[in-house]
Ligand SMILES: Cc1cc2nc3c(=O)[nH]c(=O)nc-3n(C[C@H](O)[C@H](O)[C@H](O)COP(=O)(O)OP(=O)(O)OC[C@H]3O[C@@H](n4cnc5c(N)ncnc54)[C@H](O)[C@@H]3O)c2cc1C
């Protein structure tokens, strides 16, 4: 059987990978996305829990750069996203009023959003890239099934430590300065609890409490967000510090701790049905690469992208994916 060949292979179908692939397709480049999971989205994930659904990864996004604002304008016009709020309460009675800038969420949750962005793209699911080499003027990527994928250029979007692991195995030598900057990138983990509950949680408008300095930083009602029509499901995020400290504890211990912490916002006597714990090992980059992407010929056209390159958030992933696509296009 002949091995598949593309102009560009994008490793990873998260937001950075999807954005890069879309941009290259618009430039008439043949792109294949190889995604290790059976879903697109990466850290954009909407998970089934009991009779409901919950956003387990990214919860909302903000807009800073004009390029991103333009893209968000298209998403708004296309009915993919909506303005959810202009600020969050910290849960105290004297809670701050919403401030001025918009926070956006996705209709049906961010998993649905990612699937809608991916529409029409060539995505190969459950394909984990395990090896990279460059011979005869082309990249060769081997995957977990033993298949070999060929391309002229590659864009790598997994969390940076995973990408470095792939490149080490490939003996691809990045310039020493770049290597040093990439090795300095770390990610905070996040423990995410999802709880299906009887009755409505007593969370302030729009069904959210955010407390960046507390052990639990985020509590959100997915029903009020419009993600879960079938049941009340609450998303709970632990702080980076608590997530690190409790990361290896059993699911039961973590969920019991979370439930105790969020008790004031749950309906009195309300039964908790299904509960699930999602462990995100690379949730939010803590140290960033000083640039929107890293691109070069090492030895063929390649680019590294993701939220560690432009900002630890959805906007950063999008802008990085766009920058990587443009930088690679110039090198093809
Ligand atoms: C709990 C949590 C809460 C967050 N909250 C917010 C928020 O409210 N607002 C906000 O703006 N941002 C938030 N973020 C951050 C946001 O989700 C990320 O910035 C963004 O989704 C990152 O996209 P990415 O494409 O760079 O990376 P990822 O989404 O991590 O995508 C990388 C992809 O590569 C795939 N992959 C990895 N290795 C391989 C391999 N070897 N072969 C093939 N595929 C591979 C992965 O499966 C994944 O799909 C949150 C993140 C988490 C985890």
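The values are calculated or read from the model by the stated rules, or taken from the named source; none is laboratory data. Because the structure is predicted, anything quoted here is derived from the model rather than measured. Every residue, glycine as well, gets a Cβ built from its backbone with ideal geometry; the counts of neighbours run over all protein chains shown.
A compact table of results
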item: Qualifying residue in segment 34-47 (condition: away from the ligand (no atom under 13 Å from the Cβ) and surrounded by 14 or more Cβ atoms within 10 Å (Cβ to Cβ)); result: no
item: Single match in 277, 319 (criterion: at pLDDT 95 or above, under 28 Å from residue 195 (Cα atoms) and either away from the ligand (no atom under 11 Å from the Cβ) or crowded, with 24+ Cβ neighbours inside 10 Å (or both)); result: 277
item: 3 or more residues closer than 28 Å to residue 211 by Cα, modelled with pLDDT of 95 or more and not assigned by TED's automatic domain parsing to the domain that holds residue 313: qualifying strands (runs of 3 or more DSSP E) within segment 56-172; result: 81-85, 103-106
item: Hey, residue 295 assigned by TED's automatic domain parsing to the domain that holds residue 141, buried (at least 18 other Cβ atoms within 10 Å of the Cβ) and in a helix (DSSP H, G or I) or not; result: no
item: From the options 269, 230, residue that is without any contact (Cβ under 8 Å) to a residue 12 or more places away in the chain and either crowded, with 19+ Cβ neighbours inside 10 Å or over 18 Å from the mean Cα position of the chain (by Cα) (or both); result: 269
item: Complete set of residues in segment 149-170 that are loosely packed, with under 15 Cβ neighbours inside 10 Å and touching a residue at least 12 places away in the same chain (Cβ under 8 Å); result: 169
item: Residue under evaluation residue 181, criteria (1) within 28 Å of residue 310 (Cβ to Cβ); (2) modelled with pLDDT of 95 or more; (3) assigned by TED's automatic domain parsing to the domain that holds residue 260, criterion not met; result: (3)
item: Strands (runs of 3 or more DSSP E) within segment 188-253 that include 2 or more residues in contact with a helix residue (DSSP H, G or I) (Cβ under 6 Å, 6 or more places away or on another chain); result: 216-221, 232-238
item: Any hit, segment 298-307, residues being within 14 Å of the ligand (Cβ to nearest atom) and farther than 30 Å from residue 133 by Cβ; result: no
item: For residue 253: the one exception among (1) more than 9 Å from the ligand (Cβ to nearest atom); (2) within 30 Å of residue 164 (Cβ to Cβ); result: (2)
